[in-house]
1. Which order do T84, T34 fall in if you start with the one that has the fewest other Cβ atoms within 10 Å?
2. Enter the angle in degrees (range 0 to 90, nearest 10) between the Cα long axis of helix 58-67 and the first principal axis of the Cα atoms of the chain, meaning the one along which they spread out most.
3. What GluC sites (Glu not before Pro) does region 40-97 have in DSSP loop regions with at most 14 other beta carbons within 10 Å?
4. For a quick check, take a GNM of the chain with Cα springs below 10 Å and name the residue from D58, D16, D40 with the largest mean-square fluctuation.
5. For percent of Cα pairs over 24 Å apart, the listed values are (i) 13; (ii) 24; (iii) 34; which was obtained by calculation from the structure presented?
6. Identify which of G66, G11, G83 has the largest mean-square fluctuation in a Gaussian network model of the chain, with springs joining Cα atoms closer than 10 Å.
7. Among the trypsin sites (Lys or Arg not before Pro) in region 5-52, which ones are in a DSSP loop with at most 14 other Cβ atoms within 10 Å of the Cβ? Mind listing them?
8. Identify which of Y63, Y12, Y47 has the largest mean-square fluctuation in a Gaussian network model of the chain, with springs joining Cα atoms closer than 10 Å.
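Just so it is clear, none of the values below were taken in a lab; they were calculated from the coordinates. Small disclaimer: the values here were computed from a predicted structure and weren't measured. We place every Cβ from the backbone using ideal geometry, glycine too, and count neighbours over all the protein chains shown.
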Amino acid sequence: MEGKNYVQLVGYVGQDLKSSKNANGLRVAIRVATHFPMADAGEEKLYKTTWHNVVAWDLQAAYAEGHFVKGSRILVEGRLVYGTFLGKDGTKRFTAHVRADNLLNLDH
């Protein structure tokens, strides 16, 4: 049986998008906040917020630029991508992000 690397997030854009162009095309970085309900403390509902790094390329990046602003409620479908880089102090650092294959603004 094949494995599957699939991520689906429904959350909110947490900051302005960061766009760049390079030899690989248009790239947009999106910070997405999701909220998980925790046990109630009295009558107050508590939520744990998790932040996700999402990267979109080309057509999906262009869609994000035209349809997302800070606070937008969005759907992200994609896959987890892991990487490494050397920090300024020379130590190996690990990264993870969601490579967006499909994006949708849920506010419209």
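1. If I rank by nearby Cβ atoms, fewest first, I get T84, T34.
2. Around 40 degrees separate the two axes.
3. E43
4. Ranking D58, D16, D40 by mean-square fluctuation puts D40 first.
5. (iii)
6. Of G66, G11, G83, the Gaussian network model singles out G83 as fluctuating most.
7. K45
8. Y47
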